[in-house]
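*Asks:* This is the structure I want to talk about, given as structure tokens.
The values are calculated or read from the model by the stated rules, or taken from the named source; none is laboratory data. Since we're looking at a predicted model, the values are computed, not measured. Cβ placement follows ideal geometry from the backbone for every residue including glycine, while neighbour counts extend to all protein chains displayed.
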Amino acid sequence: MDRLTIPEYELMMEAYQLKMVDDNYHVHWQAFLNFAAQAKKKVGKHKQKPAFSSFDKFFDYESELKKVKGKKAQKKERFSGIGKLLRKEGA
């Protein structure tokens with residue numbers, strides 16, 4: 001009863017990683033707001049503009065989600081060539 005299957009464990013790990021992405025999002029959002037109030041970039045001789053014009057340029061949320069989702073796909077691809085290798089040696 002108290003044991004997890006491998007798929008249940010992987011699902012729990014993905015949920016935890018997604019939660020961490022959301023936590024990082026909120027931390028970066030707060031940092032962006034703090035930074036945006038102060039950060040300036042020189043434009044011309046006496047002019048300045050904000051270093052990041054939008055939050056998406058500061059933290060790419062979609063990219064972080066793809067990284068978490070992509071880890072699961074990479075694990076499947078890691079051993080995909082072993083079947084070919086075993087068939088080749090057996091034939």
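*Asks:* Restricting attention to the stretch 1-21, does a residue exist that is modelled with pLDDT under 80, assigned to a helix (DSSP H, G or I) and out of contact with any helix residue (DSSP H, G or I) (no Cβ under 8 Å at 6 or more places or on another chain)?
*Replies:* Checked the stretch 1-21: no residue is modelled with pLDDT under 80, assigned to a helix (DSSP H, G or I) and out of contact with any helix residue (DSSP H, G or I) (no Cβ under 8 Å at 6 or more places or on another chain).
*Asks:* Let me ask you something else. Considering ALA39, ALA51, which residue is surrounded by 12 or more Cβ atoms within 10 Å (Cβ to Cβ) and touching a strand residue (DSSP E or B) at 6+ places or on another chain (Cβ under 6 Å)?
*Replies:* ALA51
*Asks:* Please go through the stretch 42-60 and give me each residue that is more than 25 Å from the chain's Cα centre (by Cα) and among the charged types (D, E, K, R), ordered by number.
*Replies:* LYS42, LYS45, LYS47, LYS49, listed by residue number.
*Asks:* If you take the residues in the stretch 21-36 that are within 14 Å of the chain's Cα centre (by Cα) and touching a residue at least 24 places away in the same chain (Cβ under 8 Å), which one is farthest from PHE55 (Cα to Cα)?
*Replies:* Applying the filter and picking the extreme gives VAL21.
*Asks:* Within the stretch 22-49, track down each residue that is in contact with a Pro (Cβ under 8 Å, 6 or more places away or on another chain), among the charged types (D, E, K, R) and closer than 20 Å to ASP60 by Cβ.
*Replies:* Listed by number, the list holds a single entry, LYS41.
*Asks:* Looking at this structure, is ASP56 out of contact with any Pro (no Cβ under 7 Å at 6 or more places or on another chain), loosely packed, with under 10 Cβ neighbours inside 10 Å and free of Cβ contacts under 8 Å to residues at least 24 places away in the same chain?
*Replies:* When the stated conditions are applied, ASP56 does not pass them.
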